[in-house]
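A quick write-up on the structure given underneath.
The values are calculated or read from the model by the stated rules, or taken from the named source; none is laboratory data. Note that the structure is a prediction, hence the values are computed from the model and not measured. Ideal geometry is used to build each Cβ from the backbone, glycine not excepted, and the neighbour counts take in all protein chains shown.
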Amino acid sequence: MTQRFVTPPVEGRADVLAQAHARSREFGLRASEAPDFAPLQRAVLRDLVECNQSLYAHALPVMETLHAQIVDTESMVLLTDSNGVILHSLGDSDFVEKAKRVALCPGVSWSEAHRGTNAVGTALAGGQPTVVHGGEHFLHANRILTCSCVPIADPFGRTIGALDVSGDPRGFNKHTLALVRMSAQIIENHLFTNQFAEAVRVRFHARSEFIGTLFEGLAAFGGDGRLLAANRSALFQFGQPLDALLAQPFEALFGMAFPALLQQASRAPGECLTLALPSGVRVLARAEYAARPVFSADSGGPRAASSQAASAGCPAGRPRAAVTFATLDTGDAQMAAVLRRVEKVRGRDIALLVLGKTGTGKEWLARAMHGESPRRDAPFVAVNCASLPDTLIEAELFGYEDGAFTGAKKRGSVGKIVQADGGTLFLDEIGDMPLAQQVRLMRVLQERSVVPLGGTRAVPVDVRIVCATHRNLRAMIEDGTFREDLYYRINGLVVTLPALAERTDLPILVERILARLRREEPDSERMPAHVSPEVLAHFARCRWPGNLRQLTNVLRTAGIMAEGAIEIGIEHLPDDFLQDCEPQPSESARGAPTAALPAPSRPARMEELQATLIEQTLARNGGNISAAARELGLARNTVYRYVRMRTTH
């Protein structure tokens with residue numbers, strides 16, 4: 001069952017190019033246009049690379065190997081993001097100079113909307129490997145190039161970038177596309193292994209010599225044996241798309257009980273065993289996982305062991321699992337970039353300021369920072385500045401002496417700052433702290449000591465400060481509601497957490513949140529361990545105004561409603577959930593009536609639902625098809641096809 005990489009047939013390729021040229025004209029481009037020499041500013045490009053850090057880091061060594069294979073052939077290797085913006089390039093010096101004449105360099109977009117028909121833009125638009133040779137380019141200026149490009153997908157099949165080799169047409173080699181395609185698959189396999197480092201991974205193929213190569217199938221399973229993701233080779237061997245396979249149990253896919261697989265892998269790590277695919281084809285497979293599951297005698301299923309003692313607020317006998325950077329790294333590129341930046345300062349005395357909308361997981365990041373720092377054995381103390389009345393926040397933070405004010409406790413209180421001595425103090429919603437307390441906090445940070453209310457003696461403290469807010473602190477400084485000196489004291493490193501609707505790791509988040517709820521919630525043994533594919537598809541279309549907090553609450557309620565069921569279904573979701581998750585119209589579209597979303601229990605209206613979502617998303621993005629496709633998680637050609645159907649009816 002070896003996969004063969006082949007160039008599309010001539011007639012099929014001609015159709016692809018004809019459609020690309022038609023789109024180029026629709027974008028309003030003229031074939032005689034000169035190249036645009038306006039790459040992104042260096043700082044903006046650096047931020048873009050940071051947002052695509054996981055792709056960039058895994059692609060770089062593969063690019064270097066690919067370049068070594070084509071060196072001295074008047075060509076270069078390019079990596080782009082999902083929009084066709086070049087992130088990095090490697091090439092022969094003489095050809096690099098030639099490429100700059102047509103703006104083939106980092107920071108420049110080579111999407112079809114900007115460059116017309118070209119391998120990068122056309123491969124991303126069509127979602128398939130593409131060769132554009134010389135005169136096949138739409139812009140005359142680009143006909144000095146021959147380009148072979150392959151889209152790069154994440155473990156869930158979503159396009160996150162592209163790998164391209166561009167060169168002089170006179171040196172064109174028909175085997176170049178095969179090299180690029182294999183290199184792209186190596187990158188995808190590396191991304192897959194990294195994303196599912198903590199999952200149970202199965203490597204398989206009908207021929208043993210292909211296990212451990214880029215041709216092997218890779219499938220990742222959660223602790224309950226349900227499929228999380230599969231790479232291209234695995235999907236090829238299963239003969240089904242990922243959507244049809246997601247959340248299927250291991251036994252349905254390989255004909256073996258999941259606990260039996262883990263036991264065999266534990267007894268003989270690294271050895272292959274024979275499994276059977278649903279098609280009846282027998283494959284050799286090797287299972288691996290980072291942490292050995294602990295088997296529960298009552299259920300026969302694996303449960304992750306926790307080395308952490310029960311923490312305050314957790315139900316008796318149900319310790320809260322420690323939050324680590326690995327816990328939070330669930331495959332989203334933006335989140336991975338944040339974690340990499342935070343990791344670099346975790347053992348240093350540098351203040352951290354976490355920005356992001358309410359419910360995006362700011363406290364989780366702070367806990368992970370504390371748990372992986374030298375202060376991990378000291379206290380982690382969290383204070384929500386927005387939840388405390390102005391009259392109490394000073395006493396809560398700085399403490400007070402006996403009799404300092406009416407109602408004060410006997411013997412006083414040391415305050416949260418002193419409680420955190422030696423550890424980490426997390427000040428959530430720092431933008432809601434009153435100005436008077438901002439002055440006192442500034443003094444504590446400068447002098448590293450606290451004078452409690454009603455006291456005269458300064459108490460020395462050694463705390464690591466992590467602050468968070470959803471507010472625009474710079475605007476508050478302009479308004480005089482936040483102190484500028486405090487701002488520059490707490491923003492040693494500033495990171496922004498992405499909203500849930502912007503993240504690409506929803507299936508893994510659902511899996512991990514359910515696992516945590518089953519571990520920590522009282523009487524949760526009968527709560528399902530996974531959601532149905534219909535629920536997951538519905539989740540993917542939601543706005544999630546409450547972000548991770550809303551997702552957790554929805555799963556907690558639905559899990560209780562579904563107790564005893566095999567999985568959480570549409571019927572178990574809270575009644576008000578659909579209203580909260582209806583897409584909102586853009587400002588320009590708010591004057592027009594918005595079509596209501598159909599109930600998710602009526603799958604016959606899925607086409608109407610998709611049409612409604614596409615209409616609203618296009619309006620919200622000002623008609624930008626690429627942006628709408630990215631937000632919807634659809635292929636660009638799907639949205640293009642819808643737009644063409646709409647305009648012809």
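Being in contact (Cβ under 8 Å) with a residue 40 or more places away in the chain and under 23 Å from the mean Cα position of the chain (by Cα) is the requirement here; does Ala247 meet it? Considered against the rule, which asks whether it is in contact (Cβ under 8 Å) with a residue 40 or more places away in the chain and under 23 Å from the mean Cα position of the chain (by Cα), Ala247 comes out as yes. Against the condition part of a loop (DSSP other than H, G, I, E, B), among the aromatic types (Phe, Trp, Tyr) and within 30 Å of Phe325 (Cβ to Cβ), how does Phe156 come out, does it pass? Answer is yes for this residue. So is Ala260 touching a His at 6+ places or on another chain (Cβ under 8 Å) and either in contact (Cβ under 8 Å) with a residue 40 or more places away in the chain or not assigned by TED's automatic domain parsing to the domain that holds Ile152 (or both) or not? No: the conditions fail for Ala260.
I'd like to check something: does the stretch 164-178 contain any residue that is under 20 Å from Ala20 (Cβ atoms), of a type in the set (D, E, K, R) and in contact with a Pro (Cβ under 8 Å, 6 or more places away or on another chain)? Checked the stretch 164-178: no residue is under 20 Å from Ala20 (Cβ atoms), of a type in the set (D, E, K, R) and in contact with a Pro (Cβ under 8 Å, 6 or more places away or on another chain). Residue check: is Arg23 of a type in the set (D, E, K, R), in contact with an Asp or Glu (Cβ under 7 Å, 6 or more places away or on another chain) and outside any strand (DSSP E or B)? In short, yes. Among the residues of the stretch 28-54, those that are at pLDDT 85 or above, surrounded by 14 or more Cβ atoms within 10 Å (Cβ to Cβ) and not polar (S, T, N, Q) comprise Leu29, Ala31, Leu40, Leu45, Leu48, Val49. Checking the structure you have, find out if any residue of the stretch 172-183 is closer than 21 Å to Leu227 by Cβ and surrounded by 19 or more Cβ atoms within 10 Å (Cβ to Cβ). Within the stretch 172-183, not a single residue is closer than 21 Å to Leu227 by Cβ and surrounded by 19 or more Cβ atoms within 10 Å (Cβ to Cβ). Restrict the check to the stretch 200-219 and report whether at least one residue is part of a loop (DSSP other than H, G, I, E, B) and assigned by TED's automatic domain parsing to the domain that holds Ala99. No.
Among the residues in the stretch 256-268, are any among the aromatic types (Phe, Trp, Tyr) and closer than 30 Å to Pro129 by Cβ? Looking through the stretch 256-268, none of the residues is among the aromatic types (Phe, Trp, Tyr) and closer than 30 Å to Pro129 by Cβ.
For the stretch 554-576, filtering for residues that are within 13 Å of His538 (Cβ to Cβ) and small (Gly, Ala, Ser) leaves 2. When the residues of the stretch 357-416 are filtered to those that are at pLDDT below 80 and among the hydroxyl-bearing types (Ser, Thr, Tyr), the one that is farthest from Arg503 (Cα to Cα) is Thr406.
Residues checked against (1) in contact (Cβ under 8 Å) with a residue 60 or more places away in the chain; (2) buried (at least 17 other Cβ atoms within 10 Å of the Cβ); (3) touching a strand residue (DSSP E or B) at 6+ places or on another chain (Cβ under 9 Å); (4) of a type in the set (Phe, Trp, Tyr):
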{"position": "Leu497", "(1), (2), (3), (4)": "yes, yes, yes, no"}
{"position": "Ile508", "(1), (2), (3), (4)": "yes, yes, yes, no"}
{"position": "Ile513", "(1), (2), (3), (4)": "no, yes, no, no"}
{"position": "Ala529", "(1), (2), (3), (4)": "yes, yes, yes, no"}
{"position": "Phe539", "(1), (2), (3), (4)": "no, yes, yes, yes"}
{"position": "Gly546", "(1), (2), (3), (4)": "yes, yes, no, no"}
{"position": "Glu563", "(1), (2), (3), (4)": "no, no, no, no"}
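In this structure, does Pro155 turn out to be assigned by TED's automatic domain parsing to the domain that holds Ser75, farther than 20 Å from Phe258 by Cα, touching a residue at least 24 places away in the same chain (Cβ under 8 Å) and touching a His at 6+ places or on another chain (Cβ under 8 Å)? So Pro155 fails the test.
Pairing each residue of the stretch 118-144 that is in contact (Cβ under 8 Å) with a residue 24 or more places away in the chain with any residue that is among the charged types (D, E, K, R) and surrounded by 17 or more Cβ atoms within 10 Å (Cβ to Cβ), provided the two are 6+ apart or on different chains, yields C-beta distances under 6 Å for Ala119/Asp164; Val120/Asp164; Gly121/Glu112; Gly121/Arg115; Ala125/Glu112; Ala125/Arg636; Pro129/Arg181; Gly134/Arg143. Considering only the stretch 447-552, give the helices (runs of 4 or more DSSP H) lying wholly within it that have at least 1 residues that are farther than 30 Å from Leu397 by Cβ and not assigned by TED's automatic domain parsing to the domain that holds Gly423. Answer list for the stretch 447-552: 506-520, 533-540. So, in the stretch 183-214, of the ones that are among the basic types (Lys, Arg) and more than 22 Å from the chain's Cα centre (by Cα), which residue ends up modelled with the highest pLDDT? In this case the residue turns out to be Arg203. So is Gly116 on the phi > 0 side of the Ramachandran plot and surrounded by 24 or more Cβ atoms within 10 Å (Cβ to Cβ) or not? Spelling it out, Gly116 is indeed on the phi > 0 side of the Ramachandran plot and surrounded by 24 or more Cβ atoms within 10 Å (Cβ to Cβ). Among the residues making up the stretch 221-240, those that are touching a residue at least 40 places away in the same chain (Cβ under 8 Å) and farther than 18 Å from Ile152 by Cβ are Gly222, Gly223, Asp224, Gly225, Arg226, Leu228, Gln237, Phe238, Gly239. Where residues in the stretch 63-108 are outside any helix (DSSP H, G or I) and among the β-branched types (Val, Ile, Thr), which of them is farthest from Gln334 (Cα to Cα)? For the stretch 63-108, the residue satisfying everything is Thr73.
Using the structure shown, decide if Ala178 is modelled with pLDDT under 90, over 30 Å from His538 (Cα atoms) and touching a Phe, Trp or Tyr at 6+ places or on another chain (Cβ under 6 Å). Against the criterion (modelled with pLDDT under 90, over 30 Å from His538 (Cα atoms) and touching a Phe, Trp or Tyr at 6+ places or on another chain (Cβ under 6 Å)), Ala178 qualifies.
Looking at this structure, is Gly217 at pLDDT below 90, surrounded by 17 or more Cβ atoms within 10 Å (Cβ to Cβ) and closer than 17 Å to Phe196 by Cα? When the stated conditions are applied, Gly217 does not pass them. When residues in the stretch 146-156 are screened for being at pLDDT below 95, in contact with a Lys or Arg (Cβ under 9 Å, 6 or more places away or on another chain) and of a type outside the set (Gly, Ala, Ser), 1 of them pass.
Of the residues making up the stretch 148-165, at least one is among the charged types (D, E, K, R) and buried (at least 22 other Cβ atoms within 10 Å of the Cβ).
Taken over the stretch 29-73, the criterion of being closer than 25 Å to Thr176 by Cα and without any contact (Cβ under 8 Å) to a residue 24 or more places away in the chain is satisfied by Ala57, Pro61, Ala68, Val71, Asp72.
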